């Protein structure tokens, strides 16, 4: 059984996030575009040393704003969660961005107008400060979106791993039920034959040994090739013929032979056994079980002739098979009955 006590992977936000290229492009982009669009250089030509001094200052401001807000964002993520308290998270995030970005921008621009020197223009200072705050909020939103997407992907991976572990555990438990169930019914039949017909009982014992090789070989497999399962059903029918003679017939459609599907082990045998267990049969009224291909499923059908005294059921047959099919294929058994005919469609595993 899979080990479920495994430490889950860290959320995506806790994993390294390489944003160096984004930071370089963003810092240089803001340092170039915002001063140029808002006229911070005034009449200073690009050939003047003051222009490049101002560019270095704007570049340092952009780097300080980006790195500072980035640090604030990461620290906030350690203490506040969108899902636990989204409004508090939003308020703290915007407040931190504004209280850090606005004073830093204002101080640098005030210094720049005195260093340049240029006539102090409070309107430009307010416009650039507001522009920087808006850009910071936009970039922070982009960071948060990336983090949420990564966390969503990480959650999906964790859920998928847990679902797979749960399915594997359930399949292991269900497979553990199959062997005792099959062996119990076979030994009951063997005991009956030894008592009433020792010679046929010996033949049944030899055939049972051959059949049980398949049971052991498939016990650790989730699915087996359909052709292998059909061959097993033919062997199992020989066991039934040793006990019931011509009172039981299993007809396998030729279309099933070349079908390249897989199926849950012992699925068809379970249904044949179920038909024998719940219906009357005899040489004058043989029970015929037909196996046919129906799209991506095997249809197992038999006429209904309920026994007057049904044998005790272990309740592991159809319910066990239905659960295994659901886990393996995502589809359940399709059981139908009109009072005269009982039919079960077993979903097949379609090869990729």
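What follows draws every value from the coordinates through simple rules; no lab data is involved. A quick note: this is a predicted structure, and the numbers were derived from the prediction, not measured. With ideal geometry, Cβ positions are generated from the backbone for all residues, glycine too; neighbour counts draw on all protein chains shown.
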Length released on extending from residue 337 to residue 18, taking residue separation times 0.36 nm less the Cα-Cα span: 108.7 nm
Potential extension, residue 296-residue 146 segment - 0.36 nm per residue separation minus Cα distance: 49.9 nm
Scattering curve values for the stretch 12-161, log₁₀ I(q)/I(0), Debye with Cα scatterers, q = 0.10, 0.12 Å⁻¹: -0.42, -0.57
Simple SL model, points at 7 angstrom along Cα→Cβ for residue 185 and residue 209; separation in nm is 2.4
Linear extension gain, residue 32 paired with residue 249, 0.36 nm per residue minus alpha-carbon span: 69.5 nm
What distance in nm lies between label points placed 7 Å from Cα along the C-beta direction at residue 160 and residue 202? 5.8
